[in-house]
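Only the coordinates and a few stated rules stand behind these numbers; no lab work does. Because the structure is predicted, anything quoted here is derived from the model rather than measured. Here Cβ is always computed from backbone atoms with ideal geometry, including for glycine, and neighbour counts include all displayed protein chains.
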Protein chains: 2
Amino acid sequence: MSKYKLVYFNARGWAELSRLIFAYSGIPYEDFRFEREDWPTYKAESPLGQAPWLEVNGQKLPQSKAVARYLAKVANLTGVNDIEAAKCDAIVDFIMDLIEPLKVIVKVKQENPEALEDECKKHIGKLSEQILSLEKFIAGNGGEYAVGNQITWADLFLFNFIHDLMVHAPQLYDFSLAPTAKKILIGWQTYLLSRIGLQNVLSLKCSIKLSIMHSKLSLPM
Amino acid sequence: MSKYKLVYFNARGWAELSRLIFAYSGIPYEDFRFEREDWPTYKAESPLGQAPWLEVNGQKLPQSKAVARYLAKVANLTGVNDIEAAKCDAIVDFIMDLIEPLKVIVKVKQENPEALEDECKKHIGKLSEQILSLEKFIAGNGGEYAVGNQITWADLFLFNFIHDLMVHAPQLYDFSLAPTAKKILIGWQTYLLSRIGLQNVLSLKCSIKLSIMHSKLSLPM
């Protein structure tokens, strides 16, 4: 079996999707984390001047999505054919775009908290529209999983995105301006938590554990 | 053989990588283009509210990179194994990041041309550093191709990026502050033009044709 070492800051960030794939599939790996002040040292070792990277039997692979897609192939989480693999890729890239406003919101929250509400209002319309598009696309794929008839890495990334949205921008998650999108998101998370074994993931090594416990509590009964 | 229809605005933009793959591989397809004022009609037909998308025997695949990766698999342009495929993915995503400052520059050029020089100066340092990182990574892959021992879609995207840089931000391409990065870029383009058959591509249907003829003229003798 190959030997895997995932190298990243001591944070969820761009490594978390790969950690979820490892945790879900049960493939053993070293979850190597370094502190922010040690970045100059690790940057010099990184393949493209960035983190995370994955070491596969010592060979370094950069870029978070490339790493996660590689691991998803190893874990048989890319669908049953090239069309399904492409649909997974499309959903992952689409969610990446949804993360952009979240990044802005986290920054505003830290640097200018009184501007947070206005910042959230700026994004809620487009975000709701995008979530409805995603819901429609997924419904067209069968609707039970993000793609096809089994869990893929697209489901795990969707789960991760909903988690981030709830933790970092509950104002957006509340979706008071977008009740349909809210219903879709809550539906997805409830489904993902109940159906695809993520409870098991939570008892494993990925760092999403504690904050998910929190977000479970915030789900409506 | 599958029937392919690529749907996008009448522009290079995010469809050009897929057009280059079609052109390079000789796979026949319909290059369906619509005008900007017709976007509302096509948006309603699009799988995720975005363009481009690809129709494969009538089935719609969204997201430009997901489409290009799918076509690269069809055209045998993703390397010889999963590690090489992951390295292609990493280079494509890395170049996507490099395109971000280019998009800003194109906007400034259109809306506030007198601020263009200052805008370019803002980006040249980081861009040069990133290009040197990419050069180092590619050198570690063997150095003759972006990945492994044959052309992949990463080479085509690199070619496309250099083209865009030369057309939209010659101030950055000039790299007066970064002679090594300039040398690397010129080396790549000369290499790509001479070695991997892109002259043949130029006589085909991709829309890069005319502007590349222009950029060839701007190469140093």
### Message
At 0.36 nm per residue, and after removing the present C-alpha to C-alpha distance, how many nm does the segment from A:V104 to A:A139 gain when stretched out fully?
### Response
9.7 nm
### Message
Please compute the contact order of the range B:4-74 in relative form: average sequence separation of alpha-carbon pairs under 8 Å and at least six residues apart, divided by the residue count, as a percent.
### Response
38
### Summary
Fewest-first ordering of A:T180, A:T41, B:T152 by Cβ atoms within 10 Å yields A:T41, A:T180, B:T152
## Note on the structure
Listing B:M1, B:M96 by rising number of other beta-carbon atoms within 10 angstrom, fewest first, gives B:M1, B:M96
### Message
Given R₀ = 25 Å, what would the calculated FRET efficiency be for A:F34 paired with B:I83, taking r from the Cβ atoms and rounding to 0.05?
### Response
0.55
### Task
Quick one: grab the alpha carbon gyration tensor of the range B:82-176, order the square roots of its eigenvalues as a ≥ b ≥ c, and give me rounded if a/c is under 1.5, else prolate or oblate depending on whether a/b is larger than b/c.
prolate
